[in-house]
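Take a look at the structure set out below.
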């Protein structure tokens, strides 16, 4: 038995050595025969700016205490944890929780691993398919096949053991294009993970700012209500002394009630905002979050990085994802083209058989076969041709979608720049309006107390103050939110992330560029 096993190993070793010599040579010979267009990454658009109006990067935008100056720094890199520029420990802690527990981000990671494993699995198509087979059967021949003779030889046992090999030559590169498509799909999922990461962190920042805004609006409304209640007591006192009419009292009560009616709406929005933040952090609304956000706990970043336009397409994960989708669609054209061309498959087998297991691997029991097949599609009703035309159309659609994504990216940056300029002007104007409304209200209250002005003048001053107070809070919140929107529009600095290692994020399917490599991507 030992000698038989050695003979079998000798035969299989010869096959293995032949495959080791032949397969790489064949693959190298056929590598240059890939059909279909070769993908070339789209070049960055040749534009010099984001808007038709040039923003002076050295000039401050806003100059009041409520609106500290912000400066645009052209070409400055974006930190991977850009939200730390708001200098809020509560915000940092909540974002860390969201990154660790958000289910959408977990799903994006799993989708990436799936795509990478499928890309690895597809690469196995370049190698021969080898299967080992062991069979044992009890058979009886029909007397019709032995001329009507019935004998004990008609009943026998057959044992077989063999190794089967099949290899389809990738003459026109169809298999290589399939692998290329799978790798591009994995790249697309990698950038979609970065996009999900950026969306999550941006949403947490935006929702935290919105909570701070609502909390400030609630506080401002409660302060206004205190003023209105005090004024109602003054009007009632003047009514008792004959200095005011019942109509004035009812008007003041109406103003107070109308202002009180706005408070439950704000409180409801504040509760919903807290629920949203809990969900982003991967929690149920009933669990809530431990962080509390208000505007005074947030610091407005004073230096804002502004990437040069030629770098934006490399920094935006959605643009890179669209580029990978175009790569995948381009490879599919090659796949569809190769399906129309001849395919050659080589097959072979080697093994032993015997009427008993003990007879296997004995002299004269060896069996082997070798062969090949050529498949050339001749007529399939136009299926293959139309499939290729469909692949071409899909490539054109992916190219158009890429262009649309690039345009949207530039629009996002332009919108954020315009918003920041408008926010700075709005905060400064609302600050001046609030100062004037506060002074006017104090004067009107004093004059009304001594009968110097009518109640209508006082009511007008109260409403102007209330509107100015709420408007300033909303303008401040918009400035914080639009600052975060600029970081998101510029890509969020994902290439500078240090919270995860590239290997943990990309796995073994495709090699992840280092942070230095990412900065120099075309």
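Ranking request for peptides 81-93, 332-344: highest mean number of other beta-carbon atoms within 10 Å first, then the rest in descending order. Write down the numbers at each step before the final one.
On the way: 81-93: 17.4, 332-344: 19.8.
Order by mean packing, descending: 332-344, 81-93.
As an exercise, use a Förster radius of 41 Å and the Cβ-Cβ distance of residue 418 and residue 250 to find the FRET efficiency, rounded to the nearest 0.05. All intermediate terms of the calculation are to be shown ahead of the outcome.
Working: r = 46 Å, r/R0 = 1.11.
According to the calculation, E is roughly 0.35.
Peptides 416-423, 284-291, 303-310, 371-378 ranked from most to least packed, by the mean per-residue count of other Cβ atoms within 10 Å: 416-423, 303-310, 284-291, 371-378. Sorting 99-108, 37-46 by average packing, meaning the other beta carbons within 10 Å per residue, from highest down gives 99-108, 37-46.
The label-point distance for residue 219 and residue 460, in a model that sets each label 7 Å from Cα toward Cβ, rounds to 3.2 nm. The label-point distance for residue 92 and residue 386, in a model that sets each label 7 Å from Cα toward Cβ, rounds to 6.1 nm. Under the simplified labelling scheme, the residue 106-residue 258 pair shows an inter-label distance of 5.0 nm, with each label point 7 Å from Cα along Cα→Cβ.
As a calculated quantity, the FRET efficiency between residue 439 and residue 267 at R0 = 25 Å, using C-beta atoms, amounts to about 0.25.
Between residue 467 and residue 43, what FRET efficiency follows from the Cβ-Cβ distance if R0 is 56 Å, with the result rounded to 0.05? Write down the numbers at each step before the final one.
On the way: r = 51 Å, r/R0 = 0.91.
The calculated FRET efficiency here is 0.65.
Applying 0.36 nm per residue to the separation of residue 239 and residue 407 and subtracting their alpha-carbon distance, the gain on full extension is 54.0 nm. Could you work out how far the C-alpha centroid of the stretch 374-395 sits from that of the stretch 402-455, in angstrom? Using only Cα atoms to place each centre, the spacing works out to 62 Å.
Taking a point 7 Å from the Cα of residue 71 along the Cα-to-Cβ direction, the residues of the stretch 299-327 with backbone N closer than 18 Å to it are 300-308.
No lab work stands behind these numbers, since they all come straight from the coordinates. Just so it is clear, the structure is predicted and the values come from calculations on it, not from any experiment. Here Cβ is always computed from backbone atoms with ideal geometry, including for glycine, and neighbour counts include all displayed protein chains.
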